[in-house]
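**Q** Input: one structure, supplied below.
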Amino acid sequence: MTNAIDKIKNNDNRKYDYSKFPESERVEYDSVINLIEPNSNVVDLGCGNGTLLKRIISEKKANGKGVEISPSGVETCKNKGLDVIKSAIDAELPFEENQFDYSICNVTIQMVTYPEMLLKEMKRISKYQIISFPNFAFYKNRIDLFFKGRMPNPLLFGYTWYNTGHIHQLSIRDFYRLLNDVGGIKILRLDYPDVKNSLKNLLMKKFQNLFVPLPVFLLEKN
């Protein structure tokens, strides 16, 4: 993940330009992939350069589609042979009800204008939903804000407050509230990237909103 941050540090995250990094690996990819059953129908919403989607198709033998708003992202995905369409993901999606087993929104819900519409559409088109996001209530953010009195930087992945696409920062508790407001969805599992330190793992299990930097939720519509 460090290499990816180095590559995008001087990039403007609001432009969603994937031409400079057509390949990327993120720490949460394994967590997302592990939540998917083999041979499933999957749609990756906000699929970026398609790295995650390609891994899902390869490792899970899945039938995968993608949706991406960035022209450079769509082009990069198509160059990889992926079935990706250009569209906003926080609007009515061009898919039928229950068309997919899983809909995925990986580290993107905080970047859309209408997160509640995105969640409603994910619920409509799939039985299961996988959503991950940077937890704004993570303790490093709290410390940064308290002592420096500025917009916290730890989970902006190398960007700053003025050139990041993060327009709706949220915490795990905020996400619970969103689920309650949208309704008809239950949490099956909360996962997070592997941490080898046993003390950190214990703290993350006991105090999720404080110590989990990047939660990965598996949801199911009722």
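Every number here is computed from the coordinates shown, using simple stated rules; none is lab data. It should be emphasised that the depicted structure is a prediction, and the values quoted were computed from it without experimental measurement. No Cβ is skipped: glycine too gets one built from the backbone with ideal geometry, and neighbour counts run over all protein chains shown.
**Q** Within 14 Å, Cβ to Cβ, of ARG55, how many net charges do the neighbouring residues add up to if Lys/Arg are +1 and Asp/Glu are -1?
**A** -1
**Q** Let me check against my output: what whole-number percent is the relative contact order of the chain, with C-alpha pairs under 8 Å and at least 6 apart? The partial results should precede the final answer.
**A** Working: 426 pairs, mean separation 44.8, N = 222.
This gives 20 percent for the chain.
**Q** I've got another one for you. Taking H as built 1.01 Å from N, whose amide H comes closer than 5 Å to the amide H of LEU188, not counting residues under 5 places away?
**A** Sorted by chain and number, the residues that satisfy this are LEU218, LEU219, GLU220.
**Q** Counting every Cα pair in the chain, what percent are over 24 Å apart? Walk me through the intermediate numbers first.
**A** On the way: 10068 of 24531 pairs.
Everything past 24 Å amounts to 41 percent.
**Q** Taking neighbour Cβ counts within 10 Å as the exposure measure, how do GLU59, GLU96 sort from fewest upward? Numbers along the way, then the final one.
**A** On the way: GLU59 14, GLU96 9.
If I rank by nearby Cβ atoms, fewest first, I get GLU96, GLU59.
**Q** Here's another thing I want to ask about it. Of SER198, TYR176, TYR162, which is farthest along the charge dipole of the range 126-221 in the positive direction, counting Lys and Arg as +1 and Asp and Glu as -1 at C-beta?
**A** In the range 126-221, that residue is SER198.
**Q** I need ARG142, ARG177 ordered by Cβ neighbour count within 10 Å, fewest first.
**A** On the way: ARG142 14, ARG177 11.
Exposure proxy ranking, most exposed first: ARG177, ARG142.
**Q** For q values of 0.21 Å⁻¹, compute log₁₀ I(q)/I(0) with the Debye formula on a Cα-only model of the range 126-222, without solvent.
**A** Values returned for q = 0.21 Å⁻¹ are -1.13.
**Q** Return LYS205, LYS54 ranked ascending by Cβ neighbour count within 10 Å, so the fewest neighbours appear first. Please report the intermediate quantities before stating the final value.
**A** Working: LYS205 12, LYS54 19.
Result, fewest neighbours first: LYS205, LYS54.
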